[in-house]
Each structure stands twice: as C-alpha cells, then as structure tokens.
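*Asks:* The structure follows.
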Amino acid sequence: MSMEQWPSIPAVLRVMAGWFLLGIGLLNLAVEFDGGLTGAYLIFHLMIAAGGVLLLLRRRPAPGRAGFALAAALVGVAIVATTAPGSSGCCMADYPGRHGFPFPFLGVGGGLHVDPLYLAADAIFWGCAGLLTVVVLAVAERAMPERRTPVDLSRYNAYAEPSPRGENVGGLT
C-alpha cells in the first residue's frame with residue numbers, strides 16, 4: 001500500500017461508522033416501534049441515528065479549538081452527571097442502586113459493578129451527543145460576527161524608500 005492511500009483510511013472508517021450507526025439506530029427503532037419503545041430507548045436510538053447522519057455528511061462544519069474543547073468537556077460532564085442519580089432502568093436488576101443514562105452501567109449495593117457493554121453503549125451515545133454539540137457550536141460560530149480587532153493599515157506604504165538604517169521591510173519603517 002502506497003503512502004498516498006493512507007489519508008483515505010480515516011474517511012473510509014468514518015463512512016463505515018456512519019452507516020453502522022445510522023443502520024443500527026433506524027433498525028432498532030423499527031423493530032421496537034410496535035409498542036416496546038421507552039423514553040430512554042427512543043432517545044438513545046435517535047441520537048445514534050443522528051450521529052450516523054452527522055458522520056456521513058460530506059462537509060461537516062467544524063468549530064475552532066475552543067468549540068472542540070467545550071464539546072469534549074460537555075460530554076465528560078454529561079457522563080459523570082448522569083451517573084449520579086439513581087435509575088430504575090432496564091438493566092442490572094441484581095443491583096438495587098443503578099446509575100447511568102441512557103442505560104444503567106454502574107451497579108451499587110452488594111458491591112460495585114461496572115457493566116462494560118452498557119458502559120460502551122453509553123459512551124457511544126454521549127459521543128454522538130458530543131458530535132452533535134460540535135456541529136451546533138460550529139454553526140453558532142459561523143453565525144457570530146467577526147471578533148478580530150480591525151487594524152488600521154493606512155499609514156503603511158509598500159512603496160516607501162528604504163529606512164535610513166539600511167533596512168527595508170516593505171515600507172514598514
């Protein structure tokens with residue numbers, strides 16, 4: 001494999017992940033649409049499908065570094081914040097204290113237990129929420145007025161004579 005093909009590998013992985021997430025999200029919604037949908041299940045699979053759509057966008061808007069940092073911080077805070085309240089959710093019935101959203105992945109009572117499968121599902125959910133946050137922040141940044149301070153360049157002359165010290169920096173003397 002030549003070195004020119006390496007830049008296309010992330011694009012292929014992004015498209016594959018996008019189709020996977022979109023397919024899983026829509027398929028699970030269709031299968032459970034006959035009455036098995038709960039609020040958390042609906043939110044989870046809509047977010048998964050939305051994350052898939054965002055990954056499939058050809059030109060996904062991207063914010064600056066501050067936008068990415070804010071989105072990453074929001075995802076981290078969301079995972080920690082949704083772990084705090086107790087849940088009577090679907091999973092881990094052996095543990096009276098269940099924590100996590102959309103799926104409880106942390107069980108307390110009779111010992112501490114972390115279910116890696118539900119933790120991965122929650123991480124994917126919050127990752128898709130972070131991707132949505134990144135796109136929203138990019139659109140908001142684009143709508144904001146320019147924040148740079150204007151600089152008055154009228155006093156500079158590009159055709160000025162060299163400075164008396166023998167320096168010429170294009171008229172910036």
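*Asks:* When only residues in the stretch 61-74 that are surrounded by fewer than 18 Cβ atoms within 10 Å (Cβ to Cβ) and touching a helix residue (DSSP H, G or I) at 6+ places or on another chain (Cβ under 6 Å) count, which is modelled with the lowest pLDDT?
*Replies:* Here is the first cut: in the stretch 61-74, the ones surrounded by fewer than 18 Cβ atoms within 10 Å (Cβ to Cβ) are 61-62, 64-66, 68-70, 72-74.
Narrowing further to those that are touching a helix residue (DSSP H, G or I) at 6+ places or on another chain (Cβ under 6 Å): 61-62, 74.
Numbers: Pro61: 75, Ala62: 78, Leu74: 86.
Applying the filter and picking the extreme gives Pro61.
*Asks:* Out of the residues in the stretch 22-52 meeting the condition of being closer than 29 Å to Ala143 by Cα and surrounded by fewer than 16 Cβ atoms within 10 Å (Cβ to Cβ), tell me which one is modelled with the lowest pLDDT.
*Replies:* Ile43
*Asks:* Which residue pairs have Cβ atoms closer than 6 Å, lie 6 or more positions apart in sequence or on different chains, and pair a first residue in the stretch 111-127 that is among the aliphatic types (A, V, I, L, M) with a second residue that is at pLDDT below 85?
*Replies:* Val114/Leu106; Leu119/Phe105; Ala121/Phe103
*Asks:* Output the residue which, of all residues in the stretch 90-110 that are in contact with a Lys or Arg (Cβ under 6 Å, 6 or more places away or on another chain) and in a loop (DSSP other than H, G, I, E, B), is modelled with the highest pLDDT. Can you show your working first?
*Replies:* Taking the stretch 90-110 as the starting set, the residues that turn out to be in contact with a Lys or Arg (Cβ under 6 Å, 6 or more places away or on another chain) are 92, 104, 107.
The next check asks that each one be in a loop (DSSP other than H, G, I, E, B); those that pass are 92, 104.
On the way: Met92: 61, Pro104: 74.
Selected residue: Pro104.
*Asks:* Which of the residues spanning the stretch 53-75 are over 11 Å from Ala129 (Cα atoms) and not in a loop (DSSP other than H, G, I, E, B)?
*Replies:* Of everything in the stretch 53-75, those that are over 11 Å from Ala129 (Cα atoms) and not in a loop (DSSP other than H, G, I, E, B) turn out to be Val53, Leu55, Leu56, Arg65, Ala66, Gly67, Phe68, Ala69, Leu70, Ala73.
*Asks:* Against the conditions (1) at pLDDT 75 or above; (2) within 29 Å of Val53 (Cα to Cα), where does Val114 fall short? Just the number, please.
*Replies:* (2)
*Asks:* Quick one: what pairs do we get from the stretch 15-37, first residue closer than 21 Å to Ala129 by Cβ, second aromatic (Phe, Trp, Tyr), C-beta under 9 Å, 6+ apart or different chains?
*Replies:* Final answer for the pair search is Gly25/Phe44; Asn28/Tyr41; Asn28/Phe44; Leu29/Tyr41; Glu32/Tyr41.
The values are calculated or read from the model by the stated rules, or taken from the named source; none is laboratory data. Everything numeric here is computed off the predicted structure, so don't read it as measured data. For neighbour counting, all protein chains shown are included, and Cβ atoms are generated from backbone atoms with ideal geometry for every residue, glycine included.
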